[in-house]
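Inspection log for the structure reproduced underneath, given as C-alpha cells.
The values are calculated or read from the model by the stated rules, or taken from the named source; none is laboratory data. Note that the coordinates shown come from a computational prediction; the quantities given were computed from them, not determined experimentally. Neighbour counts are summed over all protein chains in view; Cβ atoms, including those assigned to glycine, are modelled from backbone coordinates with ideal geometry. Accessible surface is based on the protein model in full, side chains and every heavy atom, while ligands, DNA and RNA are left aside. Shrake-Rupley method; radii C 1.70, N 1.55, O 1.52, S 1.80 Å.
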Amino acid sequence: MPQAVEPQHAAHIGGAVMRLLDEIFPLVEGFYVDLHRNPELSHQEHRTARSVAEWLSRAGYEVTAGIGGTGVVGVLRNGPGPTVLLRAAMDALPVAERTSLPYASTARGVDADGDEVPVMHACAHDAHTACLVGTADLLASAREQWSGTLLVVAQPGEETLDGAAGMLAERLYPRFGRPDVALAQHIGSAPAGLIQHRAGTILGTSARLKIRVFGSGGPSTRPHTTVDPVMTAASIVTRLQTVVAREIDPKDAAMVNVGVMRAGARVGAVPDEAYLEIDTRTLTERAAAKLHTAIERVVHAESQASGAPRAPEIVRDQRARVTDNNPDQTAVVAAAHRAFFGDDYVLDLPDPIIGSEDFPEFGLPDDPDPVPYVYWFIGGTPHETWNEAPGETPYEKLAAVPEAHAPDFAPDREPTLRAGLAAMTMGALAYLGRADAAGDSAPDMARTGERPPPVEAAHAAFGDHVDPEPPEEPAAAAAEETGESTHRADMADLLADHPEETGESTHRADMANLLADAPEETGESTHAADMAELLDPPSPARGPTRGTATGPSESLAGAEPPSGPAYPAPPPQGPPVAAPPPTSDDTDDEPPHRL
C-alpha cells in the first residue's frame with residue numbers, strides 16, 4: 001500500500017498549489033465549455049483526445065495517444081515516490097440536450113448501429129476531463145511541492161463499459177508503470193461543491209443482455225400455422241418482473257429493465273423472431289450472478305413453452321463490476337479532503353448508488369495483487385435549484401433535480417469545476433506531497449464568499465441521513481496540529497464568485513466573449529501559455545467513426561491541434577440552469593466540427 005501524507009500537511013501543500021488556480025481557471029472553464037459544445041460518442045473521441053494530448057504535452061508530460069482506441073496517457077516523473085493514476089472518461093451520450101445553455105450541444109453523430117443520433121455530455125464527462133487536465137497543469141506547475149510519478153489517463157468508452165478494459169488490453173501498466181493507487185471522481189446531483197465518499201461499495205454492477213427469440217412466421221390470417229415470437233417475448237417481459245420480487249434476497253438491491261423490444265416489419269404478418277435488450281443492476285456480484293442465471297432460465301423456458309423451432313440466443317455485454325473502494329485508501333483521501341475543504345464540505349454516503357462504472361478495471365480485480373482505488377462524487381446542482389426542489393428529505397430532493405444522463409443535466413459550472421480541481425489535486429497530494437515541502441503556512445486565508453457553504457444546503461437537508469463524523473484516519477494522521485487548515489476557512493471563497501479580484505469571476509463576463517475567438521493576451525500561465533493556439537480550429541477530422549484512423553497517433557510530433565472555436569475568455573454570469581438560450585445573432589456561430 002502507498003504511504004499516505006499526513007492530512008494537515010497535505011492540506012498545506014494543497015494550499016500552495018491551489019494558489020495557482022485563479023491563473024489557469026478561465027482556461028480550464030473554457031476548455032470545459034468547448035468540450036460541452038463539441039461532444040463525441042464512445043470510441044469516437046478523436047477531437048477530445050487531441051485536445052487532452054495537446055494540453056498535457058504543453059504542461060510537460062510524456063504523452064502517448066491512441067491507447068485502447070482514442071485513449072490518452074500522460075506521464076510526469078518527478079523524483080522518487082509512489083505512482084498515482086488520475087483518470088477521467090471523455091465520451092458523451094446519444095441524448096438531445098435541453099438545457100438552454102448558450103453553449104448547448106447541437107452535435108449529431110452516428111452510433112455503433114449506424115443510426116444518426118443527437119450527442120450530449122449528459123454525464124459530465126466534459127467536466128471530468130477539464131478537471132483532469134487542469135489538475136495535471138496545476139501539479140506540473142508546482143513540482144517543488146511533491147515527489148513521485150503522475151499517470152494521467154483520459155479514457156474512451158466509459159458509457160459502453162469497455163474503454164478501461166481496452167486500455168489495459170494494450171498493456172497500459174507494462175508500458176507506463178503500474179500505479180500504487182488509482183483515483184477518479186464523478187459529478188453528481190448533490191449541491192454544487194459537496195464532496196461525497198464511501199468506503200467499500202459505492203457503485204453497483206450492471207450488464208446488458210441482448211436476447212433473440214425465434215418463431216415460425218406466416219400470415220396473420222392463419223395464426224394456427226405459426227409460432228409467434230412476439231407472444232414469447234411478451235411472456236418473457238412479464239415473467240422477468242417476478243425474478244427480483246421472488247428470487248432475489250430483499251437485502252440485495254436489484255433491478256431488471258427491458259428497454260428494447262422489436263419484432264416484425266408489417267402489421268399483417270407474424271414475424272420469425274423478436275429481439276429484446278435487458279438492463280440489469282445490482283449492488284453485489286452474488287445478486288448479479290443469481291439474476292443473470294434466472295433471466296437465462298426464464299428465456300429458455302418461455303421459448304420452449306411456446307414451441308419455438310430453435311433455442312434463443314443470449315449475449316451478455318457491457319458488463320461492469322461493483323465499484324468497491326479500498327477502505328484504507330478511501331480514509332486517506334477523505335482525510336485529505338476534510339483537511340483542505342473542511343468537514344462541512346465532505347460527507348460520507350450512507351448507501352451505495354445502483355449506477356455503475358468501468359473504473360474498477362484499473363484496479364485489476366482479478367489480479368492476486370489488485371491496485372487499490374478510490375472513487376468519489378462531487379455535487380453539481382446549483383444551490384438555489386437544490387433549495388427550491390420539492391421534498392423534505394435529501395432523497396426526495398435528489399429525485400426532483402436533474403441527474404446524469406438526463407437531457408437537462410447542467411452542473412453549476414464554476415463551483416463544480418473549482419471543487420473538482422481541488423478534490424483531484426488533493427487526492428494526488430495525499431500520496432505525493434513532499435515531507436519537506438513548505439506548503440502554504442498562512443495562518444488565515446479566509447475571505448467572505450457570496451455563496452452559502454454546502455453545509456447549509458446539504459447538511460441541513462441530509463440531517464440524520466448521513467454520518468457527519470469523518471472515517472478513522474490512518475496512523476499518519478494521528479498527530480494533531482495547532483491552527484486551522486489553511487483552506488478550511490477559505491472553502492466558501494473557493495466556491496464563490498470573486499468580482500473584486502484582478503482575474504474577474506468567470507460568471508461575470510459576457511457570453512458573446514466566450515463564444516468568440518479570443519484576442520491574444522499577455523501574462524498567461526506558463527503551462528498554458530499557448531492554450532489559445534491549442535484551441536485554434538484546424539479542419540475537422542474526417543473518416544471512419546471508430547478506431548484510431550482519424551485519432552491521435554502514437555507520437556505527438558506534428559499532431560494536429562484540436563478543432564473547434566477558442567474559448568479562453570470567461571463564461572456568462574449566473575448559474576448554468578438560468579442562462580438564456582442563444583439569440584438569433586448567435587446562429588452563425590455553429591460548431592465547426594460536427595460528429
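When both residues are 6+ apart or on different chains and their Cβ atoms are under 7 Å apart, which pairs have a first residue that lies in the stretch 176-189 and is farther than 11 Å from residue 333 by Cβ, and a second that is open to solvent by 10 Å² or more (accessible area, probe 1.4 Å) and among the acidic types (Asp, Glu)?
Correct list of pairs: 189/403.
Report, by residue number, each residue of the stretch 116-156 that is farther than 20 Å from residue 60 by Cα, touching a residue at least 60 places away in the same chain (Cβ under 8 Å) and touching a Gly at 6+ places or on another chain (Cβ under 8 Å).
117, 119, 124, 127, 128, 156 - these are the residues of the stretch 116-156 that are farther than 20 Å from residue 60 by Cα, touching a residue at least 60 places away in the same chain (Cβ under 8 Å) and touching a Gly at 6+ places or on another chain (Cβ under 8 Å).
Answer yes or no as to whether residue 47 is open to solvent by less than 10 Å² (accessible area, probe 1.4 Å) and under 21 Å from the mean Cα position of the chain (by Cα).
On the way: open to solvent by less than 10 Å² (accessible area, probe 1.4 Å): yes; under 21 Å from the mean Cα position of the chain (by Cα): yes.
Yes, satisfied.
Is it the case, given these coordinates, that residue 2 is over 21 Å from the mean Cα position of the chain (by Cα) and at pLDDT below 95?
Details: over 21 Å from the mean Cα position of the chain (by Cα): yes; at pLDDT below 95: yes.
Considered against the rule, which asks whether it is over 21 Å from the mean Cα position of the chain (by Cα) and at pLDDT below 95, residue 2 comes out as yes.
Being of a type in the set (Asp, Glu) and either out of contact with any Gly (no Cβ under 9 Å at 6 or more places or on another chain) or part of a helix (DSSP H, G or I) (or both) is the filter here, so list the residues in the stretch 263-311 that pass it.
Within the stretch 263-311, the subset of a type in the set (Asp, Glu) is 272-273, 277, 279, 285, 296, 302.
Hits for the stretch 263-311 are 285, 296, 302.
Among the residues of the stretch 365-396, write down those that are within 26 Å of residue 86 (Cα to Cα) and open to solvent by 40 Å² or more (accessible area, probe 1.4 Å).
Matches in the stretch 365-396: 365, 366, 367, 368, 369, 370.
I need the full set of residues from the stretch 105-114 which are open to solvent by 50 Å² or more (accessible area, probe 1.4 Å) and not charged (D, E, K, R), in order please.
Initially, the stretch 105-114 is screened for residues open to solvent by 50 Å² or more (accessible area, probe 1.4 Å), giving 106, 108, 110, 112-114.
Matches in the stretch 105-114: 106, 110, 112, 114.
Assuming residue 255 fulfils every condition listed in (1) open to solvent by 60 Å² or more (accessible area, probe 1.4 Å); (2) over 20 Å from residue 320 (Cα atoms); (3) among the aliphatic types (A, V, I, L, M) apart from one, which condition is it?
(2)
Within the stretch 148-167, identify whether any single residue is surrounded by fewer than 21 Cβ atoms within 10 Å (Cβ to Cβ) and more than 19 Å from residue 374 (Cα to Cα), and answer yes or no.
Checked the stretch 148-167: at least one residue is surrounded by fewer than 21 Cβ atoms within 10 Å (Cβ to Cβ) and more than 19 Å from residue 374 (Cα to Cα).
If a residue has to be surrounded by 24 or more Cβ atoms within 10 Å (Cβ to Cβ), of a type in the set (Val, Ile, Thr) and not in a strand (DSSP E or B) to count, how many in the stretch 60-104 make the cut?
The qualifying residues number 1.
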